[in-house]
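What follows is one structure encoded as structure tokens, with my remarks underneath.
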2 protein chains.
Amino acid sequence: MTAIPQRELNRLAKQRRILDAALSVFAAEGYSGTSMDAIALKAAVSKPTLYQYFGTKEQLFTEIMLAERNTMLLAFDHPGTDMVAELHSFAWHYADTVMRPEFLSLARLIIGEAQRFPEIGRAYQAAGPDRVLAGMITYLTRQRDAGKLTFDDAELAAEDLWGLILSAPRNQALHLPDRIPTRAELARYIHNGLRVFLKAYATDPARDLAQLQTITGTK
Amino acid sequence: MTAIPQRELNRLAKQRRILDAALSVFAAEGYSGTSMDAIALKAAVSKPTLYQYFGTKEQLFTEIMLAERNTMLLAFDHPGTDMVAELHSFAWHYADTVMRPEFLSLARLIIGEAQRFPEIGRAYQAAGPDRVLAGMITYLTRQRDAGKLTFDDAELAAEDLWGLILSAPRNQALHLPDRIPTRAELARYIHNGLRVFLKAYATDPARDLAQLQTITGTK
DNA sequence: TAATAATTTTACTGATCGGTTTAGTAATTA
DNA sequence: TAATTACTAAACCGATCAGTAAAATTATTA
């Protein structure tokens, strides 16, 4: 049996508890609005212990935010035989991820502190949007090479797809935390976004739009 | 000659000075990160005077944010004979407004404090995006009635136009305060956004796209 | 000029902040 | 069991916070 010292297990568990507590408090109150006492209380840890694990408030904050970026990546990995179905699947997967309340809280926190912590804004941009965009570019380019899409600038095409599907509900959700879009509303945005995207970028829009109808089942 | 008492003039001037100072400090430091001393210092006003004008920090903040919404509205009032030219003019006008550093700082502030001050988020949504959207809907509907556009849902069409033109650069700018898009980059987004929009929504895309080329002067 | 209204200065409250110290207790290790 | 390590509770530090009180000073009015 592998011998992992109990000490280390406790330490890691406690560290995780602190990180979770700190993230939730930071997300709810902002950086300046969060007190280390509040974090210690929520983590069920004494304040000196908190300071032993993470030297300062700023260190704890940056560490937590830079660690969090790994949880928010998601690749464009929905393989299938049909492009429209793949796009539809990706759209829903991404919407479900991005529109979760905790995810929105985190985004508000990052945006709100972007001026005070530019490195965190950069890290988020690189690990979140940029990564998703890269995956989308790869996928869209492959579809273009397969003759199903047509465009000159793959980056613009990917950004268009994103903007068509999620910009409206996400921007609204950022301003209105207590008014999270229903799945029916998301479906409306996704269906419309895909429709416009295909109409503008598909080599055979008529066929793909028909396929979209059979998938979404709308009129 | 009209007799406006000097007292009131001074009062209004001082009030304006306080509001300007408070807005800049709040935008730079966030709500919790801003001290009333800092505002008083920047406004060149004593703290008791500050408190005499605005009872509490929270009152000052909400008052300032609810007042600010009037400056950020802009109507879709770019009349002309050519739809493509009008859309192009609107796109630039709106981009120039929305991508200004102070405007972005304000947006970051509102988003960052949306959970603590839901009313401010609501007011901003109603006075900013919703108002612009209403103007766009009116305009697009008129163009549809004139036979130049085709769509079922005017709201979705307006949101698509917005998302195609500004969602990518704006989202990026929200995360990266020190990396504001150049006018060339904005031109790229605007040209591409209008192109995709016309391709998906124009009744005669070929003609409108040609017109777009002559306006933007690109290849 | 005399009266008055507004503002400033200065100092102060009580609370909270980030961060530390101390003294003592519980858990792990050997 | 004994030594060690990690932890807790509590008080504490200096600084800063929102907000107030009082007295001195300035500007406006009549």
* Taking only protein heavy atoms into account and a 1.4 Å probe, give the accessible area per residue of the protein assembly as shown in Å². => 47 Å²
* lysines near residue A:199 by alpha-carbon distance under 26 Å, same-chain residues fewer than 8 away left out - which ones? -> A:148, A:219, B:148, B:199, B:219
* Hits among lysines - C-alpha to C-alpha of residue B:47 under 26 Å, sequence gap 8 or more where chains match -> B:14, B:57
* Asked: With every protein chain present, what accessible area does residue B:31 have (1.4 Å probe, heavy atoms only), rounded to the nearest 10 Å²?
  -> 30 Å²
* **Solvent exposure, largest accessible area first (probe 1.4 Å, DNA, RNA and ligands not counted), of B:150, B:49, A:214** => A:214, B:150, B:49
* Report the charge-dipole magnitude of the protein assembly as shown in Debye, nearest 20, computed about the Cα centre from +1 at each Lys and Arg Cβ and -1 at each Asp and Glu Cβ. => 820 debye
* Taking just the C-alpha trace of region B:108-199, give me its Rg and Dmax in Å. => 15.5, 46
* Structure fact -> Projecting the Cα atoms of B:167, B:200, B:151 onto the charge dipole of region B:73-216, where Lys and Arg contribute +1 and Asp and Glu -1 at Cβ, the residue farthest towards the positive end is B:167
* Select from region A:183-204 all residues whose loss of accessible area on going from the chain by itself to the full protein assembly reaches 10 Å² or more (probe 1.4 Å). => A:188, A:189, A:192, A:195, A:196, A:199, A:200, A:201
* Do the sum for chain A: with -39,500 (n - 2.57) for every DSSP H run of n ≥ 4, divided by all residues, what is the mean residue ellipticity at 222 nm, to the nearest 500 deg cm²/dmol? -> -22000 deg cm²/dmol
* So how much accessible surface do B and A hide from each other in total, probe 1.4 Å, in square angstrom to the nearest 100? -> 3900 Å²
* Structure fact -> Around residue B:50 (Cβ within 14 Å, Cβ-to-Cβ, excluding residue B:50; K/R +1, D/E -1) the net charge comes to +3
* Calculate the mean, over all residues of peptide A:51-61, of how many other protein chain Cβ atoms lie within 10 angstrom of the residue's Cβ. => 0
* Structure fact -> About its Cα centre, chain B carries a charge dipole, from +1 on Lys and Arg Cβ atoms and -1 on Asp and Glu Cβ atoms, whose size in debye to the nearest 20 is 620 debye
* Bin width 5 Å, alpha-carbon pairs only: give the P(r) of chain B as whole percents, running from 0 to the bin holding the largest distance. => 1, 6, 13, 15, 15, 12, 10, 9, 7, 6, 4, 2, 0, 0
* Name the shape class, rounded, prolate or oblate, that the alpha-carbon gyration tensor gives for the protein assembly as shown, where a ≥ b ≥ c are the square roots of its eigenvalues, rounded holds for a/c under 1.5, and otherwise prolate holds if a/b is larger than b/c and oblate otherwise. => oblate
* Structure fact -> Of the accessible area of chain A, computed with a 1.4 Å probe and all protein chains kept, carbon and sulfur make up a percent value of 54 percent
* Using a cut-off of 13 Å between beta-carbons, work out the net charge of the residues near residue A:154 (Lys and Arg +1, Asp and Glu -1, residue A:154 not included). => -4
* Could you tell me, in Å, what Rg and Dmax come out for the Cα atoms of region A:25-127? => 17.2, 57
* Leaving out ligands, DNA and RNA but keeping every protein chain, what accessible area does residue A:188 have, in Å² rounded to the nearest 10, with a 1.4 Å probe? -> 80 Å²
* Asked: What figure in square angstrom, to the nearest 10, would you give for the accessible area of residue B:109 with a 1.4 Å probe?
  -> 10 Å²
* Asked: Counting Lys and Arg as +1 and Asp and Glu as -1, each charge on the Cβ, what is the dipole of region A:6-68 about the Cα centre in debye, to the nearest 20?
  -> 300 debye
* Heavy-atom accessible area, 1.4 Å probe, ligands and nucleic acids excluded: residues of region B:85-126 down by at least 10 Å² from chain alone -> B:105, B:108, B:111, B:112, B:114, B:115, B:116, B:118, B:121, B:122, B:124, B:125
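The values are calculated or read from the model by the stated rules, or taken from the named source; none is laboratory data. Owing to the predicted nature of the structure, the values given are computational and were not obtained by experimental measurement. Quick reminder, even Gly has a Cβ in these numbers, built from the backbone with ideal geometry, and neighbours come from all protein chains shown. What goes into the accessible areas is simple: the full protein's heavy atoms, side chains included, and nothing from ligands, DNA or RNA. Shrake-Rupley method; radii C 1.70, N 1.55, O 1.52, S 1.80 Å.
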